[in-house]
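This report concerns only the one structure given below.
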Amino acid sequence: MRKDDCLFCKIVAGEIPCTKVYEDDDVLAFDDVSPMMPVHTLIVPKNHYDNIADDIPTEEMGRLFGAVAKVAEIKGVTEGGFRTLVNTGDHACQSVHHIHVHVLGGAQMNDGSPAAE
Ligand code: AMP
């Protein structure tokens with residue numbers, strides 16, 4: 001299930017290169033091109049869904065979030081800790097409209113206050 005004008009669908013299809021971290025039948029994880037932390041990896045389902053509110057089947061959601069611990073282990077942030085983040089829509093500044101989980105770590109973060117000052 002692909003959306004033709006979607007950047008992450010093109011990455012999943014191998015039409016745009018990425019730095020692959022993990023892949024299985026259902027998900028692809030790759031490093032963010034503009035990392036906000038020493039570790040900044042994105043996990044995407046291979047099927048296209050715009051965002052977390054896009055009627056994603058429970059099994060698909062489970063496979064997406066099931067990859068988080070694997071990616072954290074591969075990137076070496078399990079022990080130190082890491083943050084997972086999913087932006088949805090304009091208020092959250094979602095810029096790529098193919099659901100993705102950010103995995104951020106590798107250095108101390110703040111308490112995660114969501115609002116800009
Ligand atoms: P969001 O703002 O939550 O939609 O996150 C989209 C993320 O995709 C941003 O952190 C971008 O830096 C990242 N991004 C955009 N284009 C690419 C790309 N070609 N490869 C890897 N990451 C990308």
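Read-outs throughout are calculated quantities, based only on the coordinates presented, and are distinct from any laboratory measurement. Owing to the predicted nature of the structure, the values given are computational and were not obtained by experimental measurement. Note that we place each Cβ from the backbone using ideal geometry, even for glycine, and neighbour counts take in every protein chain shown.
Using the count of nearby Cβ atoms within 10 Å as a rough guide to exposure, how do 58, 88, 41, 19 rank from fewest to most?
On the way: 58 7, 88 15, 41 28, 19 10.
Listing 58, 88, 41, 19 from fewest to most nearby Cβ atoms yields 58, 19, 88, 41.
Taking the number of other C-beta atoms within 10 Å as the exposure measure, put 64, 85 in order starting with the fewest.
On the way: 64 23, 85 15.
So the residues, fewest neighbours to most, are 85, 64.
Under the rule of -39500 (n - 2.57) per DSSP H run of 4 or more residues, summed and divided by the residues of the chain, what mean residue ellipticity at 222 nm is obtained, to the nearest 500 deg cm²/dmol?
Numbers: 2 runs with 24 residues, N = 117.
Theoretical 222 nm ellipticity from helices: -6500 deg cm²/dmol.
Is there a quick way to get the dipole size of the chain? I mean about its Cα centre, with the Cβ of Lys and Arg at +1 and of Asp and Glu at -1; what is the value in debye to the nearest 20? Intermediate values should be presented prior to the final figure.
Numbers: 9 positive and 19 negative charges, 54 e Å.
Its charge dipole is roughly 260 debye.
Kindly point out, ordered by number, any Cys in the chain whose beta-carbon has no other cysteine beta-carbon under 4.7 Å away.
18, 93
List the aspartates and glutamates whose Cα sits under 16 Å from the Cα of residue 20, skipping any in the same chain fewer than 8 residues away.
Candidates past the 8-residue exclusion: 31, 32, 73.
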